[in-house]
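Peer 1: Structure in structure tokens, see below.
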Amino acid sequence: EEQEEDVLRELRLFLRNVTERLSLDRRFKAFTKPVDTEEVPDYMMAIKKPMDFSTLLTNIDEHKYATAGEFMSDADLIWQNALEYSPNSDAMDRHIRHRACALKDTVRAIIRDELDEEFERACEEIKESR
Ligand SMILES: CC(=O)c1nc(NC(=O)[C@H]2CNCCN2)sc1-c1cc(O)cc(O)c1
């Protein structure tokens with residue numbers, strides 16, 4: 001009912017705000033758009049489920065995330081994919097892995113500091129009831 005839609009609207013607003021803040025962080029520029037398969041042809045072979053900030057925003061707008069946990073799973077793909085695609089010991093790979101690790105820690109810190117546990121439980125209750 002209406003109260004439930006109010007909760008899900010607030011979830012979308014929160015998730016958009018988090019995603020936009022991440023997109024503005026210069027450390028995470030490589031994660032803002034899908035990896036260009038023209039520039040990086042072997043990327044799609046290596047990475048099964050590509051993810052980026054612009055795709056997260058589209059998913060939010062399409063009401064794909066019923067809980068913050070579902071959003072976190074896709075947000076985690078971004079840094080997990082980056083670690084997987086750049087495992088080498090050269091400076092370039094280390095650089096992208098440092099940024100991937102910074103993204104992992106930043107997402108977790110934002111969610112821990114800003115997502116109310118009660119609110120997330122309300123989202124989970126609505127999801128279970130549907
Ligand atoms: C996002 C990501 O994970 C990414 N990884 C890269 N790794 C490499 O290029 C490593 C892979 N191992 C062999 C040596 N090269 S480049 C790159 C990327 C950076 C951008 O600014 C835009 C973009 O679309 C993709």
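The values are calculated or read from the model by the stated rules, or taken from the named source; none is laboratory data. If you're wondering where the values come from, they're calculated on a predicted model, not measured in any experiment. Counting neighbours? That spans all protein chains shown, and the Cβs are built from the backbone with ideal geometry, glycine included. All accessible areas refer to the heavy atoms of the entire protein, side chains included, with ligands and DNA or RNA removed. Shrake-Rupley method; radii C 1.70, N 1.55, O 1.52, S 1.80 Å.
Peer 1: Taking a cut-off of 22 Å, what percent of all Cα-Cα pairs in the chain are separated by more than that? Numbers along the way, then the final one.
Peer 2: Numbers: 3303 of 8385 pairs.
Percent of Cα pairs beyond 22 Å in the chain: 39.
Peer 1: Measure of size requested: the Rg and Dmax of region 1-62, with Cα atoms as the atom set and Å as the unit; please supply both.
Peer 2: Calculated on Cα positions, Rg and Dmax stand at 14.9, 47 Å.
Peer 1: Shifting gears a bit: Taking 30 Å as R0, compute the FRET efficiency from the Cβ-Cβ separation of ARG16 and SER89 and round it to 0.05. Write out the running numbers ahead of the final one.
Peer 2: Numbers: r = 37 Å, r/R0 = 1.25.
E between ARG16 and SER89, to the nearest 0.05, is 0.20.
Peer 1: Related question: Points 7 angstrom from Cα along the Cβ direction at ARG26 and VAL7: gap in nanometres?
Peer 2: Output for this residue pair reads 4.2 nm.
Peer 1: Can you give the accessible area per residue of region 45-107, in Å², using a 1.4 Å probe?
Peer 2: Details: 3200 Å² over 63 residues.
In whole numbers, region 45-107 has 51 Å² accessible per residue.
Peer 1: Under the rule of -39500 (n - 2.57) per DSSP H run of 4 or more residues, summed and divided by the residues of the chain, what mean residue ellipticity at 222 nm is obtained, to the nearest 500 deg cm²/dmol? If you can, show how the numbers build up before the last one.
Peer 2: Values: 6 runs with 90 residues, N = 130.
The helix contribution divided over the chain gives -22500 deg cm²/dmol.
Peer 1: Roughly speaking, to the nearest percent, how much of region 1-111's 1.4 Å accessible area is carbon and sulfur?
Peer 2: Working: 3530 of 6400 Å².
About 55 percent, which is the carbon plus sulfur part of the accessible surface.
Peer 1: Right, next: Given the Cα-Cα distance of LYS49 and ILE110 and 0.36 nm per residue of separation, how much length would full extension add, in nm?
Peer 2: On the way: separation 61, 0.36 × 61 = 21.96 nm, distance 2.37 nm.
Contour length minus Cα-Cα distance gives 19.6 nm.
Peer 1: Okay, next question. Sort 106-119, 70-83 by the packing proxy (mean of other Cβ within 10 Å over each peptide's residues), most packed first. Walk me through the numbers before you get to the answer.
Peer 2: Values: 106-119: 12.9, 70-83: 19.1.
In decreasing order of mean packing, 106-119, 70-83 become 70-83, 106-119.
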